[in-house]
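The values are calculated or read from the model by the stated rules, or taken from the named source; none is laboratory data. Only a predicted model underlies this, so the values are computations on that prediction, with no experimental measurement involved. Cβ placement follows ideal geometry from the backbone for every residue including glycine, while neighbour counts extend to all protein chains displayed.
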Amino acid sequence: MSAIRLLVLGAVRQHGRAHGYQVRNDLEYWGAHEWSNAKPGSIYHALKQMAKQGLLLAHEIAPSTAGGPPRTEYEITDQGIEEYFSLLRAALTSYDQKTDVKSAAIGFIVDLPRAEAVALLKERTRRIEEWRAAVTEHYVPENGPGQLGHIGEIMNLWIHTADAEAEWTLGLIARIEGGAYTFAGEGEPFVGVLGDGEENPYATGTPHPGDAR
């Protein structure tokens, strides 16, 4: 799964309608440029591709009276919303060693009803256990990594990562079941997007005129 599709769809959905630089600014504000492939070129490419696929609707905006090039604002379509939630649900339940998809999913988890979020995370723990069991068919943690030479250190890392992830997920489930955060249907959730004109302290650089596409 590509994290960039989930990130871009989620960012556009939060704004209702956004141009490319707003999406880029949000993703940088979330640190996504550090833990995913959400680089400027990838973001603009994803916006254009998903507009072609019918997931986003592109609106051509005339230049302002102050001058400057025209820009495109994007709005998520019904098909895009369906794709967004499909990606989100898949990202919350699947388990692998990649951080980007998991981080993107947690960032948007409150878009789901609380009970569904808990159910998806419980499915995630089941899949972690299933994945761990597949690894331990070939590697016995109790015997130490030396049983497979230095290659055993890779499997040792996998097992420790899976165990830590399972513990973290169970902790998140407990916090959500305990009433933490505001989920869909419960009121206004926390929305971590920058307001118009608000400075982004994590921006990687100032935009050039063509960035506001």
If we keep just the residues of the range 151-165 that are among the aliphatic types (A, V, I, L, M) and in a helix (DSSP H, G or I), which is nearest to residue 126 (Cα to Cα)? 162
Go through (1) touching a helix residue (DSSP H, G or I) at 6+ places or on another chain (Cβ under 6 Å); (2) assigned by TED's automatic domain parsing to the domain that holds residue 18; (3) without any contact (Cβ under 8 Å) to a residue 60 or more places away in the chain for residue 120 and report which single condition fails. (2)
Residue selected from the range 20-67 under the condition touching an Asp or Glu at 6+ places or on another chain (Cβ under 8 Å) and polar (S, T, N, Q), by the criterion modelled with the lowest pLDDT: 37
Working carefully through the options 47, 55, find the one that is surrounded by 22 or more Cβ atoms within 10 Å (Cβ to Cβ) and closer than 29 Å to residue 118 by Cβ. 55
Counting only residues that are in a helix (DSSP H, G or I) and either in contact with a strand residue (DSSP E or B) (Cβ under 9 Å, 6 or more places away or on another chain) or at pLDDT 70 or above (or both), the range 167-209 contains a total of 11
Here is a list of conditions, (1) within 27 Å of residue 11 (Cβ to Cβ); (2) under 20 Å from the mean Cα position of the chain (by Cα), and residue 185 meets all of them except one; can you say which number that is? (2)
As an exercise: evaluate residue 164 against (1) modelled with pLDDT of 85 or more; (2) over 21 Å from the mean Cα position of the chain (by Cα) and give the number of the one condition it does not meet. (2)
I'm checking my understanding of the structure. Among residues of the range 77-121 that are among the aromatic types (Phe, Trp, Tyr) and outside any helix (DSSP H, G or I), which one is nearest to residue 30 (Cα to Cα)? 108
Any residue that is buried (at least 16 other Cβ atoms within 10 Å of the Cβ), farther than 14 Å from residue 159 by Cβ and polar (S, T, N, Q) - is there at least one of those in the range 121-128? yes
Part of a strand (DSSP E or B) and either touching a Lys or Arg at 6+ places or on another chain (Cβ under 9 Å) or surrounded by 14 or more Cβ atoms within 10 Å (Cβ to Cβ) (or both), is that true of residue 148? yes
